[in-house]
Amino acid sequence: MDGDNLPLPDERPNRRREYSGAGSTLGVAMLIVLAVAAALWWFEVRNPDSGGGVDSGEFGIVELPQGLNRGGQKPAAQVGRPAPDFLLASPEGADTRLSALRGQWVLLNFWASWCEPCRSETPDLQSLSVRLKERPFTVVGVNQQERPATAREFTESFGLTYPIVLDRDGEVSQAYRVGRGLPVSLLLDPQGVIRKIYLGRLSADALAEVERMAAT
Amino acid sequence: MATDARPVATPQAAGLDPFGTVWRLLANAKFALTLIALAVLFGLIGVVVPQLPEAMRGNAAAKAAWIELRRDDYGAFTGPMDRLGMFEIFQAPWFVGLWIVIIVAVTVCAVSRFRPTARSIHRPQREVSERYFETAHHRADYTHPGGAATVEAALRKRRYRVERVREADGTAYLFAERFGWSHYGTFVSHLALLMVLVGSVLTKFGGYNETFALAEGNPGIPIFATPGGGQIFVKMVDAVRGVDATGNIVDFRSHLEVTRGDRAVTCTSTVNDPCSAFGYKFHQAAFFDDLARLKVTAPNGQVVFDQVVDFNAKSTIVPAFRVTNAVGQVLFEGAVAQLATDTGLSDGREDDVALGELAFPVSSGSDVYLAYALSWRVVGSELRVGIAGGGFDQPRGLSQGESVADVGFRVEYLGPRAIPALRVDDLPGADGPVTFQLTNDPASGPRLAVAGLSEDVAFLSANAPVEFENGYSYEFRGRLDGAGIDVRRDPGDTFLWVAVGMAMLGLGMTFYLPRRRLWVKVTPARSYFAGIAEKPARYGRELRRMGAEMGSRDALRPEDVREDG
């Protein structure tokens, strides 16, 4: 072998890219990607500890019947817009559909038993409900994501007589822009249009306003 | 990623080669940088623009209601943004696809670089051009006795693997290598870097960390600010301050109930050992023992208050006493609540005196109580106590640690104690502010002193409702403990730990197992050395020093000798 014809050595082979065929270059790369993806799925997604969750099935936000949307605006949790319709179950399993309450004022109250301001305002809501029971008015308490037993314990503890429904998977809370900052109340007129949104515990003035509006 | 200027080894042009075209694209540095720039841009947009909550995906009515709310901010752009998927970027197939292409491109680059490296390690070039002995960056030449055998011996002594490749016309050609496989260290290091990036992305987008204050007896609270089907509730079942036989605190632990939907997990968290549920870790972060549960019922029977009163570290300083009878039986031990304040004669507070009462059963379990009147104020840096009543004909003053005896009882002033105390302005049934003080006598249990509901301070024992003149019933439902619980999830932590290990391995291989590759031409007159080593290495000097050890007289240069000296 003629030494002068030999190549110079490759001093940094790791800096060079080389295509050696579809299978051995692209195929191997794809295999590596799939292996990493499988490992991620195995350890982070499939992990049985990360299971659970709620699927409320048929319950949640439903389409507002066309005949009940006279203004033609899309439902949204905004003053002046039709309230998004929902179908939710009570702790005892009875279904309640918001649009079925048309013709009366509705104070939609989002609450949870862990929420201290909710506990504070609940007696006021119960009193309001009792005071206006002869009027076309109802309070609907929407429990945010708690178990039926928890909601039932709460309602029994405070002796509530107005309807309570369960937003088990939080979909209705989301549609009404209600996060963990509870309570939130919305006053709907007899046409299902949102007239007021109250953030936080209802003040005496707010309760008086609800009472005044519901009396019109 | 392909960023160097070295020419890319392209596939042979043999007609149409779609895979080769794909490879050229994926290994192209500009293409890779464009992909990364797009991913960063859309990632930023996804952070700035509100994203559709998980619970609403797949529900057209819910999504439509949510999108309508966005019109406040985006007006006429809302529709087009929705159609472009700007409200669901992180779930958009094209965004996921973008990242998949980036990952594939990075992997293709790594695989494409791996092959030449592996070939260089396992099938090294054993012979080099004659020219290389004159041009190599690391080279040396010198005379020495013993010929090729001496060189081979010297190299083997330095842990080289030596091979005599060829001999011709009295000239021997050697190939030697040491730690050739350490070249893989570079790949291990780069893989570690890639894993750090993957781990960081996972931590950033899948990580969670928030701290909650949880009280015993309260309902579970949601950990996510946004409601959704995967919401997790955590409830404090029992918060414990562990003490040993001598009263020293040994640990804090929390027994938790964690629920998601209808699944519940109970676990115990300690300071050093968090518990896990649903992929989240629950760390003990704090401990509180100043909580009280109070229930208030209106005259009409309506429960108007049923909550935990959080004293929130607010406290007042009061004296603590131990009362024992003649046989040494402890009848009372604890702090006493302040019942009133004697404001003295001056307008200031310098002569204010706090007033209280020390009441205890005359014998263990007795319903008959004996009471002493107490007063206390701070004198200098000491809380001085006055005690009167009982068999004392005149008030006695007590400093910390002092005791007085009276008709078969001994009263010892243990010193000042801080007890939870809180003013509440809007307690149902109260006309004005109400002050709570929480005391704890081991013999009779915790009591809640309430000032402001009646003329006198009322003491509420646990689970014993008391009806006041206003018609309201107040029930102290017990003193509660609570804990700060730090909830965390870090899906990237495994990657980061593995990456740290790989980085240490890779750097260790690179720096502590220095790769050497050497070609030697041994002629009867002179030996020529040319080799490859990492840049910082002074490989030429290594070779010259080896020559000196072989008996060469012309191997070392003056600078080698100076440095040795």
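Structure summary
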{"quantity": "Cα-based Kirkwood hydrodynamic radius, chain A, one decimal, Å", "calculated": "21.0"}
{"quantity": "Rotationally averaged projected area of the stretch B:39-113 (alpha carbon convex hull; nm²)", "calculated": "5.7"}
{"quantity": "Separation in nanometres of the label points that stand 7 Å from Cα toward Cβ, at B:Glu549 and A:Ser157", "calculated": "8.1"}
{"quantity": "Between B and A, accessible area buried - total, square angstrom, nearest 100, 1.4 angstrom probe", "calculated": "7000"}
{"quantity": "Fraction of accessible area attributable to carbon and sulfur, the stretch B:34-158 (%, probe 1.4 Å)", "calculated": "63"}
{"quantity": "Gain on full stretching of the segment that runs from B:Arg71 to B:Trp99 - 0.36 nm per residue minus C-alpha separation", "calculated": "7.1 nm"}
{"quantity": "Local electrostatic count at A:Pro136 - Lys and Arg +1, Asp and Glu -1, tallied over other residues with Cβ under 15 Å", "calculated": "+3"}
{"quantity": "Principal axis box of the stretch B:76-157, alpha-carbon based, largest edge first, Å", "calculated": "89, 23, 21"}
{"quantity": "From the C-alpha gyration tensor of the stretch B:503-553, square roots of 5λ in Å", "calculated": "28, 11, 8"}
{"quantity": "15 Å cut-off, amide nitrogen to a point 7 angstrom out along B:Ala340 Cα→Cβ, residues in the stretch B:448-477", "calculated": "B:451-458"}
{"quantity": "Efficiency of FRET from Cβ geometry, B:Lys204 and B:Glu167, R₀ 56 Å, rounded to 0.05", "calculated": "0.35"}
{"quantity": "Isotropic mean projected area of the C-alpha convex hull, the protein assembly as shown (nm²)", "calculated": "54.8"}
{"quantity": "Charge dipole of the stretch A:78-216 about the Cα centre (unit charges at C-beta), most positive-ward option of A:Val210, A:Gln191, A:Leu98", "calculated": "A:Gln191"}
{"quantity": "Percentage, to the nearest whole number, of Cα pairs in the stretch B:431-565 over 27 Å apart", "calculated": "64"}
{"quantity": "With all protein chains modelled, accessible area of B:Thr435 [1.4 Å, Å²]", "calculated": "50"}
{"quantity": "Alpha-carbon gyration tensor eigenvalues x 5, square-rooted, for the stretch B:311-463, Å", "calculated": "25, 20, 14"}
{"quantity": "Summed residue charge, Cβ within 15 Å of A:Ile32's Cβ, Lys/Arg positive, Asp/Glu negative", "calculated": "+2"}
{"quantity": "Accessible area in square angstrom per residue, the protein assembly as shown, 1.4 angstrom probe", "calculated": "49"}
{"quantity": "Orphan Cys of chain B, criterion: no other Cys C-beta under 4.7 Å", "calculated": "B:Cys109"}
{"quantity": "Over chain A: helical MRE at 222 nm, DSSP H runs n ≥ 4 each giving -39500 (n - 2.57), nearest 500", "calculated": "-8000 deg cm²/dmol"}
{"quantity": "Global form of the stretch B:234-315, assessed from the alpha-carbon gyration tensor, a/c cut-off 1.5", "calculated": "oblate"}
{"quantity": "Antiparallel bridge percentage (DSSP; both residues within the protein assembly as shown; nearest 5)", "calculated": "95"}
{"quantity": "Label-to-label distance, nm, for residues given as B:Glu455 and B:Arg156 (7 Å Cα→Cβ offset)", "calculated": "11.2"}
{"quantity": "Peptide ranges B:96-108, B:41-53 listed from the most packed, as the mean C-beta count within 10 angstrom indicates", "calculated": "B:96-108, B:41-53"}
{"quantity": "Exercise: per-residue mean of other protein chain Cβ atoms within 10 Å, B:257-267", "calculated": "3"}
{"quantity": "Quarter of the Cα convex hull surface for the stretch A:137-216, i.e. its orientation-mean projected area (nm²)", "calculated": "5.7"}
{"quantity": "Equivalent ellipsoid dimensions for the stretch B:147-294 as semi-axes, Å, which come from the Cα gyration tensor, largest first", "calculated": "65, 22, 10"}
{"quantity": "DSSP beta bridges in the stretch A:67-206 [antiparallel fraction, %, rounded to 5]", "calculated": "60"}
{"quantity": "FRET E, pair B:Glu350, B:Ala245, Förster distance 41 Å, beta-carbon r, rounded to 0.05", "calculated": "0.40"}
{"quantity": "Shielding by other protein chains, A:102-113, mean Cβ within 10 Å", "calculated": "1"}
{"quantity": "Chain B, relative contact order [Cα under 8 Å, separation at least 6], %", "calculated": "19"}
{"quantity": "Inter-chain Cβ neighbour average for residues B:494-505, partner chain, 10 Å", "calculated": "1"}
{"quantity": "Extension gain from B:Arg322 to B:Ile45, taking 0.36 nm per residue of separation minus the Cα-Cα distance", "calculated": "93.1 nm"}
{"quantity": "Accessible area of A:Leu187 in the full protein assembly, 1.4 Å probe (Å², nearest 10)", "calculated": "0"}
{"quantity": "Length-normalised contact order of the stretch B:312-467 in % [C-alpha pairs under 8 Å, at least 6 apart]", "calculated": "21"}
{"quantity": "Among B:Trp23, B:Leu155, B:Leu453 - extreme Cα towards positive end, dipole of chain B, charges at beta-carbon", "calculated": "B:Leu155"}
{"quantity": "Estimated FRET transfer efficiency when R0 is 30 angstrom, pair B:Ala225-B:Leu38 (beta carbons, to 0.05)", "calculated": "0.50"}
{"quantity": "Low-density loop positions, GluC sites (Glu not before Pro), the stretch B:342-430 - DSSP coil, at most 10 other Cβ in 10 Å", "calculated": "B:Glu350"}
{"quantity": "Cα gyration tensor category, rounded, prolate or oblate, for the stretch A:83-190 with a/c compared to 1.5", "calculated": "rounded"}
{"quantity": "Carbon/sulfur fraction of accessible area - the stretch B:227-386, other protein chains in place, 1.4 Å, %", "calculated": "49"}
{"quantity": "Local net charge near B:Arg377, Cβ-Cβ under 11 Å (Lys/Arg +1, Asp/Glu -1)", "calculated": "-3"}
{"quantity": "Calculated P(r) tail over 35 Å for chain B, as whole % of Cα pairs", "calculated": "66"}
{"quantity": "Dipole magnitude of chain A, debye to nearest 20 (Cβ charges: Lys/Arg +1, Asp/Glu -1, about Cα centre)", "calculated": "880"}
{"quantity": "Contact order relative to length of the stretch B:219-285, as percent, for alpha carbon pairs under 8 angstrom and 6 or more apart", "calculated": "22"}
{"quantity": "Label-to-label distance, nm, for residues given as B:Leu507 and B:Arg557 (7 Å Cα→Cβ offset)", "calculated": "3.2"}
{"quantity": "Calculated log₁₀ intensity ratio I(q)/I(0) where the Debye formula runs over C-alpha points of the stretch B:40-180, q = 0.17 Å⁻¹", "calculated": "-1.02"}
{"quantity": "Helical mean residue ellipticity (222 nm; -39500 (n - 2.57) per DSSP H run of 4+; nearest 500) of chain B", "calculated": "-9000 deg cm²/dmol"}
{"quantity": "Exposure rank, largest accessible area first [B:Ser200, A:Ser129; 1.4 Å]", "calculated": "B:Ser200, A:Ser129"}
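The values are calculated or read from the model by the stated rules, or taken from the named source; none is laboratory data. Since this is a predicted model, take the numbers as computed values, not measurements. Here Cβ is always computed from backbone atoms with ideal geometry, including for glycine, and neighbour counts include all displayed protein chains. Side chains included, ligands, DNA and RNA excluded: accessible areas come from the protein's heavy atoms. Shrake-Rupley method; radii C 1.70, N 1.55, O 1.52, S 1.80 Å.
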